[in-house]
Amino acid sequence: MDNIVTIIITAVAALAVGFIIAKMLEKNNAATAIASAKKEAVSIIKNAEKDGESLKKDKMLQAKERFIELKSEHEKVINSRERKMVEAEKRTRDKESQVSSELAKSKKSNDELENKKKSYTERLVFIEKKQLDLDKMHKNQVEQLEVISSLSADDAKNQLMETLKDEAKTAAMGYIQNSVEEAKMTAQQEAKKIIISTIQRIGTEEAVENCVSVFNLESDDVKGRIIGREGRNIRAIEAATGVEIIVDDTPEAIILSCFDSVRREVARLSLHKLVTDGRIHPARIEEIVKKTSRQIEEEIIEVGKRTVIDLGIHGLQPELIKAVGRMKYRSSYGQNLLQHSREVAKLCGVMASELGLNPKLAKRAGLLHDIGKVPETETELPHAILGMQWAEKYGEKPEVCNAIGAHHDEIEMTSLLSPIVQVCDAISGARPGARRQVLDSYIQRLKDLEDIAFGFGGVNKAYAIQAGRELRVMVESEKVSDDKAAQLSFEISQKIQTDMTYPGQVKVTVIRETRAVNIAK
């Protein structure tokens with residue numbers, strides 16, 4: 001127990017001594033650190049003073065260098081200004097010397113001008129004096145002439161002017177008459193050349209259209225199948241197509257009759273498909289006819305497109321293209337309408353080129369001039385007016401519309417294309433082989449025209465010419481005066497219009513002449 005207490009006391013004493021010793025060591029270390037810090041602060045201050053001195057010296061040196069640079073630049077500017085001032089003074093002295101020399105020259109020229117002015121003034125006075133003398137002499141001569149001729153100067157002048165006017169009028173009338181006669185002769189010759197050249201440059205074909213088509217068969221056995229039991233197949237075909245089918249004794253052929261070429265073509269193609277397929281009964285017939293009708297519609301559009309491409313016509317509306325295609329299946333007096341329109345378009349293009357007009361517009365008008373003949377529904381309008389209305393509806397130019405409407409003189413012509421289309425239409429329709437009619441009805445119509453003319457008093461002779469498009473009536477001069485001739489022409493035209501049915505127009509020309517015949521023996 002005592003040992004333990006002794007040990008504890010010893011340990012506590014040791015701890016106290018250790019603590020005291022530690023405290024003393026801390027004080028010594030702090031004093032040392034403070035002393036070293038003071039030394040470092042002193043050294044730092046010395047180094048900063050040294051750096052400040054060196055920096056101050058550097059800045060002073062830089063300031064001196066900058067001052068020297070600015071001074072040199074300032075001196076350069078001053079020297080440049082001095083040089084410019086010297087040059088300006090030199091130029092000023094040169095200008096002064098030049099001005100002084102010019103002033104001297106100007107003074108000399110002014111003296112010369114004064115001398116010239118003086119001489120001109122003297123000459124002007126002399127000329128004025130001479131002019132006064134001449135006026136006096138002219139006045140004396142005029143007075144003497146007035147005394148001699150017993151006319152005043154104004155009267156003589158008026159008489160001279162009247163005489164000159166009469167002579168000028170006479171000469172002018174003669175010149176105008178000669179010019180008009182020469183122009184007429186030249187115009188007729190040139191017109192004939194243009195028309196002949198145009199016709200020669202266009203290849204034409206003869207009319208081949210008619211109102212019947214022949215459908216060839218491989219054997220006569222097919223005829224019975226086409227007729228069907230109790231004729232039901234042939235009745236179905238006729239009802240579906242609107243075409244009359246004639247089955248007669250003609251070997252290996254039947255005849256399709258219809259005025260509408262489109263219907264005939266639908267019937268022909270339908271029969272060809274039915275015969276090829278072999279199934280011929282009413283239901284199959286209706287199906288084939290519908291398909292063929294759609295096929296023909298597509299072919300009409302394709303024909304219209306090919307036609308406008310061949311003629312170089314662009315921008316035509318689809319409805320007009322379709323109308324052009326329908327013309328393939330329409331004929332006029334045996335002449336295929338599409339062929340006729342293509343021919344007219346080519347003639348118009350050539351003639352317009354010869355006359356210096358737009359050939360593209362002329363072709364367009366020539367192709368479309370008869371589109372009024374292929375309406376989808378019946379109408380009472382003349383085909384020229386209907387075609388003009390269609391052209392206006394689908395945005396054609398006014399010149400083209402007027403040419404379509406005026407090619408049979410239904411409306412007044414307002415452009416140069418209109419007479420070209422009219423002439424080319426007549427050329428295409430009147431050429432040999434272009435159109436054909438039933439001979440008996442044609443002759444009867446011409447005879448009726450002449451009989452109408454003979455029904456009026458004073459008519460001596462009457463001739464229907466130009467395929468019945470013109471009636472020339474010769475009258476007796478003793479019975480019919482000039483005024484009566486004009487009235488007779490009007491009355492005959494009204495009689496024809498009332499009593500006859502005819503295509504196009506009929507021109508009535510009444511000729512009255514007086515002959516004086518003597519014989520020298």
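Quick notes
- Spans of helices (runs of 4 or more DSSP H) in the range 354-436 with at least 3 residues assigned by TED's automatic domain parsing to the domain that holds residue 328 and under 18 Å from residue 308 (Cα atoms): 359-368, 383-393, 398-405
- Search result, residues across the range 470-521 that are within 30 Å of residue 332 (Cβ to Cβ), in contact with a helix residue (DSSP H, G or I) (Cβ under 8 Å, 6 or more places away or on another chain) and either assigned to a loop (DSSP other than H, G, I, E, B) or hydrophobic (A, V, I, L, M, F, W, C) (or both): 471, 473, 492, 496, 500, 502, 506, 508, 510
- Considering only residues in the range 427-452 that are exposed (fewer than 13 other Cβ atoms within 10 Å of the Cβ) and modelled with pLDDT of 60 or more, the one that is farthest from the chain's Cα centre (by Cα) turns out to be 451.
- Residue tally, condition under 21 Å from residue 292 (Cα atoms), part of a helix (DSSP H, G or I), among the charged types (D, E, K, R) and free of Cβ contacts under 8 Å to residues at least 40 places away in the same chain, over the range 224-256: 2
For every residue, the table says whether it meets (1) at pLDDT 85 or above; (2) closer than 30 Å to residue 231 by Cα.
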{"residue": "256", "(1), (2)": "no, yes"}
{"residue": "275", "(1), (2)": "no, yes"}
{"residue": "295", "(1), (2)": "yes, yes"}
{"residue": "311", "(1), (2)": "yes, no"}
{"residue": "320", "(1), (2)": "yes, no"}
{"residue": "343", "(1), (2)": "yes, no"}
{"residue": "364", "(1), (2)": "yes, no"}
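- If you check 269, 320 for being within 44 Å of the chain's Cα centre (by Cα) and either of a type in the set (D, E, K, R) or within 30 Å of residue 360 (Cα to Cα) (or both), only one passes: 320.
- Any hit, the range 137-158, residues being under 60 Å from the mean Cα position of the chain (by Cα), in a helix (DSSP H, G or I) and not β-branched (Val, Ile, Thr): yes
- Checking residue 352 against (1) farther than 30 Å from residue 268 by Cα; (2) surrounded by fewer than 23 Cβ atoms within 10 Å (Cβ to Cβ); (3) at pLDDT 85 or above, the condition it does not meet: (2)
- Condition met for residue 262 (part of a helix (DSSP H, G or I), within 27 Å of residue 220 (Cα to Cα) and either free of Cβ contacts under 8 Å to residues at least 24 places away in the same chain or over 40 Å from the mean Cα position of the chain (by Cα) (or both)): no
The values are calculated or read from the model by the stated rules, or taken from the named source; none is laboratory data. Predicted model, so just to flag it, every value in this text is computed and none were measured. With ideal geometry, Cβ positions are generated from the backbone for all residues, glycine too; neighbour counts draw on all protein chains shown.
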